[in-house]
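The structure appears below as structure tokens.
The values are calculated or read from the model by the stated rules, or taken from the named source; none is laboratory data. Computed from a predicted structure; not experimentally measured. Every residue, glycine as well, gets a Cβ built from its backbone with ideal geometry; the counts of neighbours run over all protein chains shown. Surface accessibility is based on the protein's heavy atoms, side chains included, excluding ligands, DNA and RNA. Shrake-Rupley method; radii C 1.70, N 1.55, O 1.52, S 1.80 Å.
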Amino acid sequence: ESRLKALEKLEMGQMPEASIVVVGNTGAGKSTLLNALIGEANVLPSNGMRASTATIIELRYDESAEPAPLYSGEVEFTSREEWEVELKDMIEDLTQRDGRAILNVSDPNAHNYESWCKLY
């Protein structure tokens, strides 16, 4: 049914919507790639040394006829309860069996690399 609607839009001269998903390891350059694709340097935060977005980003082209801001955004915050659960998990990821903290995780393939990037 959705393909039929897309064909109807094409017949009326409208472009159908398409989704493109960009995935990769933390700090792999996904935000940098998206910034390059839209021809901007700093719409999405990026940092060459470590991850800086750490969330799902949705970019959408707005072809409306109304004058609109060049960019707009929405921020969806996690609840305090969700953050406390995530923080507990990250601290567990970065605590050794003897209770000492893991202060550096440089291997992007390590199981606790994402936790380290979020907290440090």
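Would you say Ala41 is part of a loop (DSSP other than H, G, I, E, B), among the small types (Gly, Ala, Ser) and modelled with pLDDT of 75 or more?
The answer is yes for Ala41.
Can you find, within the range 94-114, the residue that is surrounded by the most Cβ atoms within 10 Å (Cβ to Cβ) among those that are farther than 15 Å from Ala28 by Cα and of a type in the set (Gly, Ala, Ser)?
For the range 94-114, the residue satisfying everything is Ala101.
Test of understanding: among Ile57, Ile91, which residue is open to solvent by less than 100 Å² (accessible area, probe 1.4 Å), within 19 Å of Lys30 (Cα to Cα) and out of contact with any His (no Cβ under 9 Å at 6 or more places or on another chain)?
Exactly one residue qualifies, and that residue is Ile57.
Taking only the range 86-120 into account, find how many residues are part of a loop (DSSP other than H, G, I, E, B), out of contact with any Ser or Thr (no Cβ under 6 Å at 6 or more places or on another chain) and aliphatic (A, V, I, L, M).
Going through the range 86-120 one residue at a time, the tally reaches 4.
Using beta carbons and a limit of 8 Å, which pairs, at least six apart or on different chains, have the first residue in the range 93-120 and in contact (Cβ under 8 Å) with a residue 60 or more places away in the chain and the second one of a type in the set (Asp, Glu)?
Tyr113/Asp107
Test Thr26 against the criterion of being open to solvent by 60 Å² or more (accessible area, probe 1.4 Å), assigned to a loop (DSSP other than H, G, I, E, B), modelled with pLDDT under 75 and within 30 Å of Asn104 (Cβ to Cβ), and give yes or no.
No, not satisfied.
Please count how many residues of the range 74-85 are surrounded by 10 or more Cβ atoms within 10 Å (Cβ to Cβ) and assigned to a loop (DSSP other than H, G, I, E, B). First the steps, then the outcome.
Filtering the range 74-85 down to residues surrounded by 10 or more Cβ atoms within 10 Å (Cβ to Cβ) leaves 78, 82-85.
From the residues that got through so far, the ones that are assigned to a loop (DSSP other than H, G, I, E, B) too are 78.
Total satisfying the criteria: 1.
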